[in-house]
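Only one structure is covered here, and it is reproduced in the block below.
The values are calculated or read from the model by the stated rules, or taken from the named source; none is laboratory data. It should be emphasised that the depicted structure is a prediction, and the values quoted were computed from it without experimental measurement. Here the Cβ positions follow ideal geometry from the backbone for every residue, glycine too, while neighbour counts run over all protein chains shown. Accessible surface areas use protein heavy atoms only, side chains included; no ligands, DNA or RNA. Shrake-Rupley method; radii C 1.70, N 1.55, O 1.52, S 1.80 Å.
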Amino acid sequence: MIRRLRLQVVAVCMLLVTAVLGGAFFFMYASSRDNIRDSTQELLRRVVVRDPRVDRGQTGIMIGGDQVQLPYFTVEVWGNTVYVTGGTYSDLENTDTLREILQSCMEQERETGNIPAYNLRYLRVNSGFFQRIAFVDVSMETASLQSMIRSTLQIGAAALLVLLGISVLLARLVTRPVGRAWNQQRQFLSDASHELKTPLTVILSNAELLDGVPLDERPARWADNILSEARQMRSLVEEMLTLARADSLVRTGVFSEVSLSDAATDCALLFEPVAFDAGKSLGCEGIDPDVLVTGDADRLKQAISVLLDNAIKYGAEGTSISLALRKTDRQARLQVANQGPPIPPEQLRRLFERFYRADASRGEQSGFGLGLSIAQSIAAEHKGTLRAESDEASTRFILTLPLLRK
């Protein structure tokens, strides 16, 4: 739990930092791109109107703090006749390259635009009798922006690595009090459960002795109440101990090859009379044979029993409970389903919380609200998952476990 909390803290910090850095870098890139484009566009306007500064060789723009001279040329189009009227390019007159550039320019109906094939940007002015078009090479602009992107990515990656280390350190510091409190709570749960076993054993022994002695009606009823409540308390203590061991990552059995098919069949046979007594039926939609997993057979049976017991308790009267086990390429998928009112989403998310019990709309039965938590801890212990689904058709608990690797 603490490890997961630390990962969540680190993930949240990194997402926030990445969003902030990404926004800042994008703003810087967009601002630089727009400034360079505005400078190039201003140069195009000077060239197309034959500004005297162009004749004096002032055809540079600021890129990265440096004054960069951009190659350019201008043409005038009189009907089908094209004249190159100036610029830093040579040998363009009556060439295929010039014709292709002009064709690309004329195909674009906008006054200004780009010709990516030649890394040119143009500005077109129509004087009525002819068109004057200025072209500027934007290769330096493109190269500068690409260099900025590479530098930004390198700086961003380095900053994220540094901030990742800081986030990990901060996550450890932030979760240290939580981890200390969690360990204390876990230790208290384990110690309290162990300490309760001795007095409960004494109470149960004495209550069972009283149960065998002839008593008057009222004392006999009191003795029965003591015995019933003590047994219920013993069940609660055992479930608390099971969860305490799961929290401590202590295995209660030896893992070996287990036939999940046999375990599911045994549990189904065991719970058939229980379902019958509750006015319901238990059916197996299909149990694939030879579904082998690695684990503790008793613990896996306990998890399946919890799911069957839960389905029988909360299934609608006169309906059927279904148990299915399917084998996929890598996983075993066991499903227990019961019919009844659907569980609201807000309750469905909390079903695996300890001591949580849904409201009376599900026909609440006896229990401590620990069974599903224990089943989930068993699934996690076996590197599997347990999830719940509910709709108008049925409520389904799906246990997924990795298959045995041979």
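Figures for the structure shown
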read-out: Sequence of 285, 93, 392 from largest to smallest accessible area, 1.4 Å probe; value: 392, 285, 93
read-out: Local net charge near residue 259, Cβ-Cβ under 12 Å (Lys/Arg +1, Asp/Glu -1); value: -3
read-out: Vicinal HN-Hα couplings computed from phi for segment 123-131 (Karplus, 6.51 cos²θ - 1.76 cosθ + 1.60; Hz; Gly/Pro x); value: 9, 10, 10, 9, 8, x, 8, 8, 10
read-out: Estimated inter-spin distance, residue 103 and residue 150, nm [label 7 Å along Cα→Cβ]; value: 3.4 nm
read-out: Residue 284 long-range amide H proximity, modeled H, under 5 Å; value: 323
read-out: Whole-percent carbon and sulfur share, accessible surface of the chain, 1.4 Å; value: 55 percent
read-out: Greater than 24 Å apart at Cα, pairs in 301/383; 197/383; 280/301; value: 197/383
read-out: Chain lengthening between residue 231 and residue 209 when straightened (0.36 nm per residue, less Cα-Cα); value: 6.5 nm
read-out: For the chain, the fraction of alpha-carbon pairs in successive 10 Å shells from zero, as %; value: 4, 14, 16, 14, 10, 8, 9, 11, 8, 4, 2, 1, 0
read-out: Residue-wise HN-Hα coupling along segment 82-92, computed from phi with Karplus coefficients 6.51, -1.76, 1.60 (Hz; x: Gly, Pro); value: 10, 10, 7, 9, x, x, 9, 7, 10, 6, 9
read-out: Whole-number accessible area per residue in Å² for segment 268-363, which is evaluated in the context of all protein chains at 1.4 Å; value: 51 Å²
read-out: Integer Hz, Karplus 6.51/-1.76/1.60 couplings in order for segment 288-303, x for Gly and Pro; value: 5, x, 6, 8, 9, 9, 9, x, 9, 4, 5, 5, 5, 5, 5, 5
